[in-house]
Structures are given as C-alpha cells and as structure tokens.
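Take a look at the structure set out below.
The values are calculated or read from the model by the stated rules, or taken from the named source; none is laboratory data. From a predicted model like this one, the values you see are computed outputs, not experimental measurements. With ideal geometry, Cβ positions are generated from the backbone for all residues, glycine too; neighbour counts draw on all protein chains shown.
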Amino acid sequence: MKDLISVVIPLHNEEESLEKLYNLLRGVFERNGLTYEVIFVDDGSTDSSFNILEKIYQQDKNIRILQLRRKFGKSAALTAGFNESKGNIIITLDADLQDDPEEIPNLLAKINENYDVVGGFRQRRQDSFFKKFTSAIFNKTLTMLTGLKLRDINTGLKAYRRDVIEQIEIYGELHRFLPIFANQLGFKIIEIPVKHYPRRQGKSKYGPKKVIDGFLDLLTVVLLTKYSEKPGHFFGGAGLLSFLAGFLISLYLTILWFLGHHPIGNRPLFFLGILLLIIGIQLISLGLLGEILVRKERKKIVQIKKILK
C-alpha cells in the first residue's frame, strides 16, 4: 500500500499514557488525511497496559497489538513491530508522551524530500540534568567515532523508508543506532527539531546501567560499521600501540641494565612492559585472523540504488 503509514510503538508498563497517546495519534492522522496503522508492541508489561490496548483495538480497525511473552527489550519489540508493519514509511514513537505525535507530518515532509531516515532532535529537552549531560557526551562521542553528525541519536521519534528497515537487522540494544547502519549503507539521513515534554505518567527506565550499556553498544557499532570489512585495522591498530609501548618500556629497562642499574627483573615496570608486548602480539594476531575470516566467509555488500537499462 503506497500511502500507508505504519507507526510502531514499543512499550513496557505504560498504562497511564496509552489512551491519551492513541487519541493524539488518531487526531493527527485524521486531520492530515493520512492512511495509517498503529502497531503497539507490549514488551512483557506487568501492569494493565495490554488490557487497555485491547479496548483501543476494539474501537479502531487501524490498530494492531502484539504482546510479547516476556520483556525482550526495545530492539526485539521494534523488530517484531517492523515485521508486522505493512507501510512503505515506518514511524517509531515511544509510549511515554514525551514526544509529540503532532511532529509526525514534519517527519513525513522530510521523507518526501527524498530522505530515507528522518530523526527528531529535542531542542528543549525536558529531562533531568544527568540524562541530558550523559546524552550530550554520548552524541559527541558518536559523531567523533562514526563521522556521522547527529545531535540526538537516542530519541525514539524517527521515520524510515521500508527499504532501510528491510536492509538492517538489529539486536541487543542497537535499535538507537539504526541511522548509523543506514548511513553505512548509503541511505540519506537528516535530523529536524521536535518538541519534547516532561514525563508525566509512568516511570523512566533510564539509569546508570543504560549509560554503561550505551557506550558498550557504541563500541560494537563502530566495529560493525567502520571495521566490519577490515578488522585488522581495529585490532591491529590497538595491538601496535600496545606493542610499541611495551617495546619502549623494555628498551628503557635494557639501557638501564647496560648502565649498571641492577637488577631490573623485579621492577613493576618490567612486568608492565612484558604484559604490553604480549597483549600487542595477541591483538595483532586477532586482527590478522579476522582479516582471514572476512576474506573467506564474507562478500562485500554493494548497495545499488537504481539501474537504468
């Protein structure tokens, strides 16, 4: 269906916001004359979220509900929703009412300007200082490591062409990095400013563990995007630095030995130098093995946008 818009909403224990969110979404689509479907994915809620969704489902034929057997995480919930969606354009939206459904037409307008991924960045973000501070550091680090300048990778409000969703497989907590993977494949990415509201219902799932997990996931994304075809550069570079540091330490201690500074074998610096040499050799070997595996088992993915014959 060419004009169908799919909205995928993952949720966990959001009973207080669901009816209001549904009414806002319906109003936006009806006022703009858009054909739509809304797919709510209940990610193992333990409150009355699913019961409320059932009532909404009975009122509107455009609503679809997926209930997962347990809490699998946001990436799994989004993937389930993507697989069930039918639209050529897919909107993702959180269920906590912090993002404004009224922004959806603005996302669609940018999609119609030939962009493949449109993300919202929250100009006046209504969150705690800790959340805003850690997010700002995360976005700066992301830009530095990936080369893609994004101001707000963590927002749940995004629009995708179906081509993007079909080409990328997400797992773990890598859903937030969909624009990074899309950029690697050559899709056009843009961000637009969107309104953001303080959370009035439910409980935030954000905490220190999310921050740590986010930075670990970022390292995974860097390896998968920048070094998936050249793992030797990633591991070999770190290995060479470690080996060089160990070599310089060992050279320094050797010079001391020749100058008569005995003994050197019981110095902590001696053990550090040996350790860095061993780690360096191991990392370089790991990088070479990775290169062999890539050469033998993977073909370079080439994205063809259009063919004229």
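Of the residues making up region 33-44, those that are of a type in the set (A, V, I, L, M, F, W, C) and buried (at least 20 other Cβ atoms within 10 Å of the Cβ) are Val38, Ile39, Phe40, Val41. The set of residues in region 30-71 being of a type in the set (Phe, Trp, Tyr) and in contact with a helix residue (DSSP H, G or I) (Cβ under 8 Å, 6 or more places away or on another chain) consists of Tyr36, Phe40.
Looking only at region 94-106, decide whether some residue is closer than 22 Å to Gln167 by Cβ and surrounded by 17 or more Cβ atoms within 10 Å (Cβ to Cβ). No, every residue in region 94-106 fails to be closer than 22 Å to Gln167 by Cβ and surrounded by 17 or more Cβ atoms within 10 Å (Cβ to Cβ). Filtered by the rule that a residue be closer than 30 Å to Ile5 by Cα, among the hydrophobic types (A, V, I, L, M, F, W, C) and out of contact with any strand residue (DSSP E or B) (no Cβ under 6 Å at 6 or more places or on another chain), region 143-163 gives Leu148, Leu150, Ile153.
Quick check on this structure: which one of Gly87, Gly44 is in contact with a Lys or Arg (Cβ under 9 Å, 6 or more places away or on another chain), over 19 Å from Val164 (Cβ atoms) and touching a residue at least 24 places away in the same chain (Cβ under 8 Å)?
Answer to the check: Gly44.
Are any of the residues in region 14-32 in contact (Cβ under 8 Å) with a residue 60 or more places away in the chain, crowded, with 16+ Cβ neighbours inside 10 Å, assigned by TED's automatic domain parsing to the domain that holds Asp99 and farther than 19 Å from Ile91 by Cβ? Scanning region 14-32 turns up at least one residue that is in contact (Cβ under 8 Å) with a residue 60 or more places away in the chain, crowded, with 16+ Cβ neighbours inside 10 Å, assigned by TED's automatic domain parsing to the domain that holds Asp99 and farther than 19 Å from Ile91 by Cβ. Selection over region 128-145 of residues that are farther than 17 Å from Gln184 by Cβ and in contact (Cβ under 8 Å) with a residue 12 or more places away in the chain gives a count of 6.
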